[in-house]
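I have placed the structure first, in the form of structure tokens, so that the comments after it can refer back to it.
The values are calculated or read from the model by the stated rules, or taken from the named source; none is laboratory data. Predicted model only: the values in this text are computed from it and were never measured. FYI the Cβ positions are ideal-geometry reconstructions off the backbone, even for glycines, and counts take in every protein chain you see. In case anyone asks, the SASA skips ligands and DNA or RNA and just uses the protein heavy atoms, side chains included. Shrake-Rupley method; radii C 1.70, N 1.55, O 1.52, S 1.80 Å.
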Amino acid sequence: MSNVTIDIRGLDFRQDVEPLIKEFFPLKHNEKGELNIRLDLEEEMITVTLEGTGNATVSQTFTSEETAPKKRHRDYRNTLLRTVYRLLSDYTGHGLPWGILTGVRPTKLVYERIEKGLAKNVQFMTSDYCVSESKAALATRIAAVEYQLLEKLDYRNGYSLYAGIPFCPSICNYCSFGSHPIDRFGDCVEGYLEALKKEIAAVAGCVPGRKLETVYFGGGTPTSISAEQLRDIIRCVKDNYDLSNLAELTVEAGRPDSITREKLEMLKEEGVSRISINPQSMVQRTLDVIGRRHTTEQVVEAF
């Protein structure tokens, strides 16, 4: 379907619905035609209509026991997404492995249930989020590992520090993070890092009485900047925080095309205990489609 438009009437949930529709109808699609998706959103009723397909329509009454606005909003959103999902799945004849989930941490849903002592099963993911049984099982296994790792930390009384480096070799097509291609915005790096150092120092006194347990340099891709620039930021954290209780110092090195021996040696010298080399996929065609400018061979070489 080459032209998909969304007409939302009533409550505005565009930012929630658009990612799901893009999953069913990728931007680079060769079929000809036009599909208009109309959403009539009321407080207690959701109606989704596919115009141009014989006006296929599905309606769902919204009910929720939640009274807190944030939780009620979440319930309404999930009901809406399930309604859209069912109609698009019927229309296209296929489903999505991760159902209505389009975020970055599906395991968080399972982890929250484990924390509450609820049963470790996949039923709620398949029923509430339309996730396939295989992906739900995978998320459950990963969440169990995360739980064991976090139990080693006093994370309820401690805290973690995140420092963002919003630059990448290129921006992936699916990316929703605030990041910028360094070849175009390289002249902004120094100014950003100077501002970041000021913020790192200013935040240091915000959590008195708590122990810093983990530090994470994310992004973007922190290894997009030079070895000395990154060393400067790491040392800024060391100068402003007590790292004596630190369990993990992580630098995200997600893009293999940003990794050099010089940077790895610097990270080791500065006491970094963990890095992430994230290929996203080891299928070259997938890398090309999503806008990664590296090869599968480079992933192996970087590792």
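Would you tally the residues in the stretch 96-136 being in a helix (DSSP H, G or I), over 18 Å from ASP75 (Cβ atoms) and charged (D, E, K, R)? Looking only at that region, the number is 3. Would you say LYS197 is surrounded by 15 or more Cβ atoms within 10 Å (Cβ to Cβ), basic (Lys, Arg), under 18 Å from the mean Cα position of the chain (by Cα) and not in a strand (DSSP E or B)? So LYS197 does not fit the description; no.
If you check TYR155 against the conditions, is it of a type in the set (Ser, Thr, Tyr), part of a loop (DSSP other than H, G, I, E, B) and either modelled with pLDDT under 90 or surrounded by 14 or more Cβ atoms within 10 Å (Cβ to Cβ) (or both)? Against the criterion (of a type in the set (Ser, Thr, Tyr), part of a loop (DSSP other than H, G, I, E, B) and either modelled with pLDDT under 90 or surrounded by 14 or more Cβ atoms within 10 Å (Cβ to Cβ) (or both)), TYR155 qualifies.
The one condition from (1) open to solvent by less than 50 Å² (accessible area, probe 1.4 Å); (2) at positive phi; (3) of a type in the set (Gly, Ala, Ser) that GLY52 does not meet is (1). Checking THR92, THR57, THR83, THR47 one by one, the residue that is surrounded by 12 or more Cβ atoms within 10 Å (Cβ to Cβ), among the polar types (S, T, N, Q) and closer than 14 Å to ASP128 by Cα is THR83 and no other. Considered as a group, the residues in the stretch 167-184 that are open to solvent by less than 40 Å² (accessible area, probe 1.4 Å) and in contact with a helix residue (DSSP H, G or I) (Cβ under 7 Å, 6 or more places away or on another chain) include one that is farthest from GLY218 (Cα to Cα), and that residue is CYS172. Looking at this structure, is ARG72 open to solvent by 40 Å² or more (accessible area, probe 1.4 Å), at negative phi, outside any helix (DSSP H, G or I) and not aromatic (Phe, Trp, Tyr)? The answer is no for ARG72. The number of residues in the stretch 208-234 being in a helix (DSSP H, G or I), open to solvent by 10 Å² or more (accessible area, probe 1.4 Å) and farther than 15 Å from GLY164 by Cα comes to 1.
Residue-wise test of (1) of a type in the set (Gly, Ala, Ser); (2) over 29 Å from ASP16 (Cβ atoms); (3) part of a loop (DSSP other than H, G, I, E, B).
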site	(1), (2), (3)
GLU146	no, no, no
LEU149	no, yes, no
TYR162	no, no, no
CYS172	no, no, yes
GLY178	yes, no, yes
ARG184	no, yes, no
VAL189	no, yes, no
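For the residues ASP7, ASP40, the requirement of being at pLDDT below 90 and over 22 Å from VAL104 (Cα atoms) singles out ASP7. Against the conditions (1) open to solvent by 50 Å² or more (accessible area, probe 1.4 Å); (2) of a type in the set (Lys, Arg); (3) closer than 11 Å to THR223 by Cα, ARG285 satisfies every one except (3).
This table checks each residue for (1) touching a helix residue (DSSP H, G or I) at 6+ places or on another chain (Cβ under 7 Å); (2) within 23 Å of SER179 (Cβ to Cβ); (3) among the hydrophobic types (A, V, I, L, M, F, W, C).
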residue	(1), (2), (3)
GLY218	no, yes, no
SER224	yes, yes, no
LEU243	no, no, yes
THR260	no, yes, no
VAL289	no, yes, yes
ARG292	no, yes, no
GLU297	no, no, no
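Scanning the stretch 244-272 for residues that are free of Cβ contacts under 8 Å to residues at least 40 places away in the same chain, open to solvent by 50 Å² or more (accessible area, probe 1.4 Å) and outside any strand (DSSP E or B) yields SER244, THR260, ARG261, GLU262, LEU264, GLU265, LYS268, GLU269.
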